[in-house]
1. So B:Glu136 ticks every box in (1) open to solvent by less than 20 Å² (accessible area, probe 1.4 Å); (2) more than 9 Å from chain A (Cβ to nearest Cβ) but one. Which box is left unticked?
2. From the list A:Gly125, A:Gly134, A:Gly171, which one is open to solvent by less than 40 Å² (accessible area, probe 1.4 Å), in contact with a Gly (Cβ under 6 Å, 6 or more places away or on another chain) and under 30 Å from B:Glu127 (Cβ atoms)?
3. Residue by residue through segment A:18-45, note down the ones that are open to solvent by less than 70 Å² (accessible area, probe 1.4 Å) and not aliphatic (A, V, I, L, M).
4. Take the conditions within 14 Å of B:His156 (Cβ to Cβ) and either at pLDDT 95 or above or assigned to a helix (DSSP H, G or I) (or both) and apply them to B:Asn122. Does it pass?
5. Return the residue satisfying two criteria in turn: it lies in segment A:188-209 and is among the basic types (Lys, Arg) and assigned to a loop (DSSP other than H, G, I, E, B), and of such residues it is surrounded by the fewest Cβ atoms within 10 Å (Cβ to Cβ).
6. Against the definition (open to solvent by 60 Å² or more (accessible area, probe 1.4 Å), outside any strand (DSSP E or B), within 30 Å of A:Lys74 (Cα to Cα) and more than 13 Å from chain B (Cβ to nearest Cβ)), how does A:Lys212 come out, yes or no?
7. Can you name every residue in segment B:1-39 that is within 15 Å of the chain's Cα centre (by Cα), among the basic types (Lys, Arg) and surrounded by fewer than 13 Cβ atoms within 10 Å (Cβ to Cβ)?
8. Are any of the residues in segment B:140-147 within 23 Å of B:Phe36 (Cβ to Cβ) and either of a type in the set (S, T, N, Q) or away from chain A (no Cβ under 11 Å) (or both)?
Amino acid sequence: MLSEKDVFELYRKASTELPSDVVEGLERAKENEKGRSKEILEKILENVSIAKRNSKPICQDTGIPIFYVKNDGKQSEKEIGEIIDQATKKATDEIPLRPNAIDSISGKVSGNKPVIHFEESDKFGIDLLMKGGGSENVSRIYSLPDERLGANRDIKGVRKCVLDAVIKAQGKGCPPYILGIATGGSLEEVAHLSKRQLLRKLNDENDDSELKKFEKELLQEINKLGIGPSGLGGKTTALAVKAAKSYRHPASFFVGISFGCWAHRRQSYGH
Amino acid sequence: MDIDFTKLNIGDKVLLEGTIFTARDRAHLFFLENDFQKIKNSIIYHCGPIVKGNEVIAAGPTSSSRFNVYTKELIDKYGIKAIIGKGGMDKNVLEALRGRAVYLSAIGGAALLYTKNMQLRNVYKPEFGMTDAIYELEVKDFPVVVTMDSKGNNLHEEILRKSEKAYGEVI
């Protein structure tokens, strides 16, 4: 059974330790860079090790906590939600996390408010993504066709959208990025599905052979843009591209692009 | 801080030592609507830190483009010498920097590197909340790179142009 302590520990680990695949990705990128971009990656990796050693948040923006819960039905969604809320309060006070929930109208700050997605599953498990505001602000939804980009309703059109979004983002969302992409026919679905791709490990290969090829080629193209770590130039603008597709309505073709920053705070519980 | 920032060029690395003030959305408005002489001729840091008691736990830069609209007036009013942030600022800010100030880039996300040699001296406007309050910080060996200088050069703009050119070649 899920306890408040489990969720608190998940918060602690997610906010203070990067997943090993992301650290390995940053290390490989560092070997591939020289000059300023190499120095930036060295400093980033130094920051990552200080965070782990001292159990302190990697970044002052501890983000919006997004929970993806696979529920086996032993606890209700209400019970799990309450456990997460309690653990969020404790984590905000004790780790500590930055109080990031601001009432949009009154401006009042009230701790942190997690977003929780549930799905039924035979086995219980949680993925937690602590998603910073910088990378969230450069995330985009495009609607194809796009006249400005000359982008049609095909995979080449999707490529153009992603490259355009990366060029617009430059260094604002803290590159090297991890990019989640989704195509489909409703607005919220491409937002959700593209963000879910950020849960995949960097070395995870797409089951769909066409998307697998797309991910690989697009990553190479993004890394030809020269934006680099911190947006101050270099070969590594993204560490990974993860794509998914869904069904679309005949009238619609949306492309969702979710940016993850290098401080990719993703951890899981129970699986 | 005894650096003549106007002599620096884009690409120069600097280790800052001395007093800096954090400022985000609400602080910028406060500075413009009031007379807050403490920041006269000082350095502004675009940052919303995590603070517990007297300790700054984590304090990396936030995106500077949100403050584009306030910055010319801020420099005019207070003689700000340098602005630290991430992601760069727009051409109006570049003009406002001319002959007077520079923009310095810190590494987004590397929040613990910057707190290694950082003392919290004062907190102003705590009612703005932890993120948006104004913190007076004493720093040493605070690593930054000049990315917009006071001579009209902008590294961010150069990289943007290069990436747009590369896009044309890739597509």
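The values are calculated or read from the model by the stated rules, or taken from the named source; none is laboratory data. Owing to the predicted nature of the structure, the values given are computational and were not obtained by experimental measurement. Glycine also receives a Cβ, built like all others from the backbone with ideal geometry; neighbour counts cover every protein chain displayed. In case anyone asks, the SASA skips ligands and DNA or RNA and just uses the protein heavy atoms, side chains included. Shrake-Rupley method; radii C 1.70, N 1.55, O 1.52, S 1.80 Å.
1. Result: B:Glu136 fails condition (1) only.
2. Sole residue among the options that is open to solvent by less than 40 Å² (accessible area, probe 1.4 Å), in contact with a Gly (Cβ under 6 Å, 6 or more places away or on another chain) and under 30 Å from B:Glu127 (Cβ atoms): A:Gly134.
3. A:Pro19, A:Asp21, A:Gly25, A:Lys30, A:Glu33, A:Gly35, A:Ser37, A:Lys38, A:Glu39, A:Lys43 - these are the residues of segment A:18-45 that are open to solvent by less than 70 Å² (accessible area, probe 1.4 Å) and not aliphatic (A, V, I, L, M).
4. no
5. It comes out as A:Lys201.
6. Spelling it out, it is not the case that A:Lys212 is open to solvent by 60 Å² or more (accessible area, probe 1.4 Å), outside any strand (DSSP E or B), within 30 Å of A:Lys74 (Cα to Cα) and more than 13 Å from chain B (Cβ to nearest Cβ).
7. B:Lys13
8. Among the residues of segment B:140-147, at least one is within 23 Å of B:Phe36 (Cβ to Cβ) and either of a type in the set (S, T, N, Q) or away from chain A (no Cβ under 11 Å) (or both), which makes the answer yes.
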